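Each remark here refers to the structure printed beneath this line.
The values are calculated or read from the model by the stated rules, or taken from the named source; none is laboratory data. All figures in this text were calculated on a predicted structure; none of them were measured in a lab. Note: ideal-geometry Cβ built from the backbone for every residue, glycine included; neighbour counts use all protein chains shown. To get the accessible areas, we keep the full protein, side chains included, count just its heavy atoms, and leave off ligands, DNA and RNA. Shrake-Rupley method; radii C 1.70, N 1.55, O 1.52, S 1.80 Å.
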Amino acid sequence: MTIRNALRDHGQRYRPRMACLKKAEKVLLEMQDPCTGVKSQPQRLVITIIPHAITGEDIIAWLADRFQIDAQEARSFGSMLVALGYIYPLQDHKRLVIKPDASLYRFQTPYFWPTQQWPVEDTDYAIYLAKRNIRKKGILELHEQEQYNHLHKWMNHKWDFVVMQAKEQYRAAKERKKPDRVVFDCQERAYWVVHRPPPGTVSAMDYGLDRRTDPNTDEVTGESPHDLLVKYSATYSGHDPFLSKCLPSNPWLTDDTTYWTLNMSNVEIPTKMRVERWTFSFKELLSDPRGRDDFRLFLKKEFSGENLAFWEGCEDLKWGTAVAMREKAEQIYKTFLARGAPRWINIDGKTMEITVKGLKHPHRYVLDAAQTHIYMLMKKDSYGRYLKSPVFKETLKKAICPEEHKFKNRRPSLSPIIIRQQEQEQRAKMAANAPVDITQVMSKLSKQGKEMGPRHSK
């Protein structure tokens, strides 16, 4: 494998990511300790004996014991080390995760650690693909074949050099012993999976907007952060007061309060723009008191209004006063959770066990588990049916579309501060222009002198 010793990007060393990598390397050095680290031994891979191999279950057990964490968290931590290229698999190269079984792994040599920051060049990748193409006799994976064809076309001017280097490395590899050859092949392949991941997967080495999801997760799903930002901006652009007009008019500029009247919390007929926001997300619907009233009417017709009532009761407990906290928690339990409750809600046994245990010492968030369960139930089940129901369609049909008010030669009223300043200036001018009565002035001065005299004598 050819990696050129070019000038490093020293600016990368001071990124916050480097602190994480340094901590990961300290853990890795502990794992390789011959006395207290993960026990490695020769393992059979098909018919080849691989030296210094470790199993996935041994890695997870060591991490769980070292950091006093559960197996799931230890597995996530181990998968992060694999995703960063500190540990590489000897069997399944497509998914860089730790498997909690007898799957074989090895520690990556420090030469290939991410903190070395060797530049990952297209020439090196082309040589690697050409070498695999020779070894596999033209049978590459689909994404490797596409990259091979692309690099062949782009680097056609020096492809002879690429092929020559690939043949030389392939010839040198054949002279090694088979275990060393297998180890080096797995090591090199894992390096390129980390730095040139297949389409649809995420590289743990991505920074900033390039990072699309958590590299510790086993399955890579979801959109990139910038895609989500664009989607959010496109959805809410028409509802942004800085980007769209305030209909029918901006009350701060025109003194017309129609906008505030139409958008009151519990207005009888909402505006069409307000109703459209309810379709953006279930959170938008519940955050609007008028939308919650409409959703309550729908749930009442479906005989499941207790779900929303329980959610609202939990919100009242969470944000209410501390004095009535215990009383509210007991009331909610008697109304919705107790056996034979008048408005009993259906939650699973584990959630009920957590809730009942917490109610022995109630606090603001004692019902969070049950509230989250009911919230997800309404979001996944009731919310979708509500958007297709006659209740929502009727509300959308009756919604108001206010037209823009156009005022001719209308100027906004002055600020009260400016009006007060003008009044003070007017009084000062009137006082300056008014005639002065010498008798009144002298009487005031004499009174002030008499008042000051007794004070000095004391």
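Quick notes
- In this calculation the C-beta distance from residue 233 to residue 184 is compared with R0 = 41 Å, giving a FRET efficiency of 0.30.
- Residue range of the chain that is longest and free of chymotrypsin sites (Phe, Trp or Tyr not before Pro) which are both DSSP loop and sparsely packed (at most 13 other C-beta within 10 Å): 1-206
- Available extension along the chain between residue 380 and residue 312 is 22.7 nm, counting 0.36 nm per residue and deducting the alpha carbon span.
- Among 52, 93, 157, the sequence by solvent-accessible area, most first, with a 1.4 Å probe is 157, 52, 93.
- Efficiency of FRET between residue 150 and residue 243 - r from beta-carbon atoms, R0 51 angstrom, step 0.05: 0.80
- Theoretical ellipticity at 222 nm over the chain - DSSP helices of four or more residues, -39500 (n - 2.57) apiece, nearest 500: -16500 deg cm²/dmol
- Dividing the Cα radius of gyration of region 248-316 by its Kirkwood radius returns 1.08 for Rg/Rh.
- Note on region 233-398: with charges restricted to the Cβ of Lys and Arg (+1) and Asp and Glu (-1), its dipole about the Cα centre is near 500 debye.
- If the segment from residue 403 to residue 27 were pulled out straight at 0.36 nm per residue, it would be longer than the present Cα-Cα gap by 128.9 nm.
- The GluC sites (Glu not before Pro) found in region 321-428 that occupy coil by DSSP, while having at most 10 further C-beta atoms within 10 Å, are 403, 404.
- Net charge of Cβ neighbours under 13 Å - reference residue 328; Lys, Arg +1; Asp, Glu -1: -1
- Extended-chain gain in nm, criterion 0.36 nm per residue less alpha-carbon gap, residue 429 and residue 417: 2.5 nm
- If you sort the three axes of the alpha carbon gyration tensor as a ≥ b ≥ c, you get a/c under 1.5 for region 19-112, which makes it rounded.
- Reachable lysines from residue 406, criterion Cα separation under 25 angstrom, eight or more residues apart if same chain: 245, 272, 398
- Portion, in percent, of the accessible area of the chain that falls on carbon or sulfur, probe 1.4 Å: 55
- Taking a straight Cα-Cα cut-off under 13 Å and skipping sequence neighbours fewer than 8 places away in the same chain, the aspartates and glutamates within cross-link reach of residue 136 are 144, 185.
- Here the dipole of the chain is about 620 debye; that uses its Cα centre as origin and unit charges on the Cβ of Lys and Arg (positive) and Asp and Glu (negative).
- Along the axis of the charge dipole computed for the chain (Cβ charges of +1 for Lys and Arg, -1 for Asp and Glu, origin at the Cα centre), the listed residues 18, 35, 262 are led at the positive end by 262.
- Estimated FRET transfer efficiency (residue 394, residue 326; beta-carbon r; R0 30 Å; 0.05): 0.10
- Nearest-ten-degree value, helix 289-301 long axis tilted from longest Cα axis of the chain: 70
- Label-to-label distance, residue 171 versus residue 272, with points set 7 angstrom from Cα along the beta-carbon direction: 7.6 nm.
- Relative contact order (%) - criterion: Cα under 8 Å, at least six apart; region: the chain: 11
- Residues with amide H under 5 Å from that of residue 53, placed H, sequence gap 5 or more: 41, 43
- Set of lysines with alpha-carbon distance to residue 137 below 22 Å, sequence-local pairs under 8 removed: 94, 153, 158, 167, 174, 177, 178
- Angle of helix 438-457 to the longest C-alpha principal axis of the chain, folded into 0 to 90 degrees and rounded to 10: 70°.
- Simple spin-label estimate for residue 387 and residue 134 in nanometres, 7 Å along Cα-Cβ: 5.6
- Distance (nanometres) between label positions extended 7 Å along Cα→Cβ at residue 35 and residue 265: 6.7
- With Cα atoms, 0 to 90° folded angle of helix 159-174 axis to the chain main axis: 60
- Listed candidates (i) 1.61; (ii) 1.34; (iii) 0.99 - label of the one calculated as Cα Rg over 2.2 N^0.38 Å: (i)
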